[in-house]
Amino acid sequence: MSQLSLFDAEDLYEFPKDLLEYREKFLSREEADLLKNKLLETAPWEQRTQKMYDKMVLTPRLTAWYGDAKSYDSADNNTTKRNEWTPELYALKERIEKEFGCQFNGVLLNLYRDHNDSVAWHRDKDSRYGKRPVIASISLGQTRNFDFRKKDHHQSKYSLPLPHGSLLIMKGDLQESWEHRIAKSTVPMKERINLTFRLILTNL
């Protein structure tokens, strides 16, 4: 798929391939089911704290980090415990790298337990990721909407449902000009696991 079309109430916007690539069925149903169940049972999930408006609050989701030792030395100010790659996660990393010609040394897992869990508007823009980071995002479980909005024009807002087994690759200048989020929902939701494969620069 060369372009990704996201429907908005007012118009249709096409993200060019140099910003996003999307594979709705990157993992088969069987692969996605096995990986989701394995991670739910075995990942060392933890709830972190973050600063918001001069207060420390619990993040409304659970996380876990897997990756190379060097990636941990440079990642997240060492606030998240690094776990060794599992065979399943490492094989998935290599599969994405081979098919899309990118490179990763870590993966951040987010567990959205129900409709109350979320991640606020943000950009993955950090010196640890370089100027034009490539982030590969695998979704498992409940379909949730992945929202985008222009950093300097919030009225330009688009939404993409990410179903079980889908892959979304964010790259190019996307993190420079666009913000993204997973919003809370008024509709009851089951668990969703999101895997974001990243390359943490280790020579900073």
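Listing for the model above:
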| quantity | calculated |
| --- | --- |
| Residue list for the stretch 136-184, restricted to those being at pLDDT 90 or above and of a type in the set (S, T, N, Q) | SER137, SER139, GLN142, THR143, ASN145, SER166 |
| Inter-residue pairs, beta-carbon under 6 Å, first touching a residue at least 60 places away in the same chain (Cβ under 8 Å) and within 8 Å of GLU191 (Cα to Cα) and in the stretch 102-116, second β-branched (Val, Ile, Thr) and crowded, with 20+ Cβ neighbours inside 10 Å, 6+ apart | LEU111/ILE193 |
| Strands (runs of 3 or more DSSP E) contained entirely in the stretch 150-189, each with at least 2 residues that are over 18 Å from the mean Cα position of the chain (by Cα) | 153-162 |
| Those residues of the stretch 190-204 which are in a strand (DSSP E or B) and of a type in the set (S, T, N, Q), in sequence order | ASN194, THR196 |
| Qualifying residue in the stretch 97-119 (condition: hydrophobic (A, V, I, L, M, F, W, C), crowded, with 20+ Cβ neighbours inside 10 Å and part of a helix (DSSP H, G or I)) | no |
| Conditions (1) farther than 22 Å from ARG192 by Cβ; (2) hydrophobic (A, V, I, L, M, F, W, C); (3) surrounded by 20 or more Cβ atoms within 10 Å (Cβ to Cβ); number of the one not met by LEU92 | (1) |
| The stretch 155-190, residues that are more than 23 Å from LEU62 (Cβ to Cβ) and among the basic types (Lys, Arg) | LYS157, LYS171 |
| Considering residues of the stretch 72-84 that are surrounded by 16 or more Cβ atoms within 10 Å (Cβ to Cβ) and farther than 27 Å from LYS151 by Cβ only, the residue modelled with the lowest pLDDT | TYR72 |
| Any hit, the stretch 191-204, residues being more than 21 Å from THR63 (Cα to Cα) and among the acidic types (Asp, Glu) | no |
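The values are calculated or read from the model by the stated rules, or taken from the named source; none is laboratory data. Note that the coordinates shown come from a computational prediction; the quantities given were computed from them, not determined experimentally. All Cβ positions, even for glycine, are placed from backbone atoms using ideal geometry, and neighbour counts span all protein chains on display.
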